[in-house]
Amino acid sequence: LNLTAIDASLVKNHKCSLQAYYIAEAGIADAIDEIRQNGPLPDSAWQQTFPAGSSSQYDVAVSQSSTVINCTGLAAASNLSRTLEVQVDITGGSPPYNVSVQKWKEMVP
């Protein structure tokens, strides 16, 4: 019974960790979409609840003329978070701009 309880806890932690990763990924997609529509952004940051109506969220920071995007996803049910850093290249003279991912990595605390 004790092993089953431990296994259940491990599965729950893994699930929440994956949720935090995918929430951070949603924030990256949001930032890329914003850059596609508006071009390079000034250094900026924002926070968004995701999915809508939940208490989970992502925090996005865009810097260096929109070439570096950092996003932390927080799975509120477990208070687990994961952070991604993405470097992008922006081309094109008018919207929609082309945004290509040059480097994608997870930041390990």
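The values are calculated or read from the model by the stated rules, or taken from the named source; none is laboratory data. Just so you know, these numbers come straight off a predicted model, no measurement behind them. Cβ coordinates were reconstructed from backbone atoms using ideal geometry, including for glycine residues, and neighbour counts include every protein chain displayed. For the accessible areas, the whole protein counts, side chains as well, though only heavy atoms, and no ligand, DNA or RNA atoms are used. Shrake-Rupley method; radii C 1.70, N 1.55, O 1.52, S 1.80 Å.
Of the residues in the stretch 8-51, how many are without any contact (Cβ under 8 Å) to a residue 24 or more places away in the chain, over 30 Å from Gly92 (Cβ atoms) and open to solvent by 90 Å² or more (accessible area, probe 1.4 Å)?
4
Taking only the stretch 70-97 into account, find how many residues are under 15 Å from Tyr21 (Cβ atoms) and touching a residue at least 12 places away in the same chain (Cβ under 8 Å). Steps first, please.
Within the stretch 70-97, the first condition is being under 15 Å from Tyr21 (Cβ atoms), and the residues that meet it are 70-86.
From what's left, touching a residue at least 12 places away in the same chain (Cβ under 8 Å): 70-78, 80-86.
Counting residues in the stretch 70-97 that are under 15 Å from Tyr21 (Cβ atoms) and touching a residue at least 12 places away in the same chain (Cβ under 8 Å) gives 16.
Of all residues in the stretch 52-83, count the ones that are under 23 Å from Asn38 (Cα atoms), open to solvent by less than 20 Å² (accessible area, probe 1.4 Å) and not hydroxyl-bearing (Ser, Thr, Tyr).
Count: 5.
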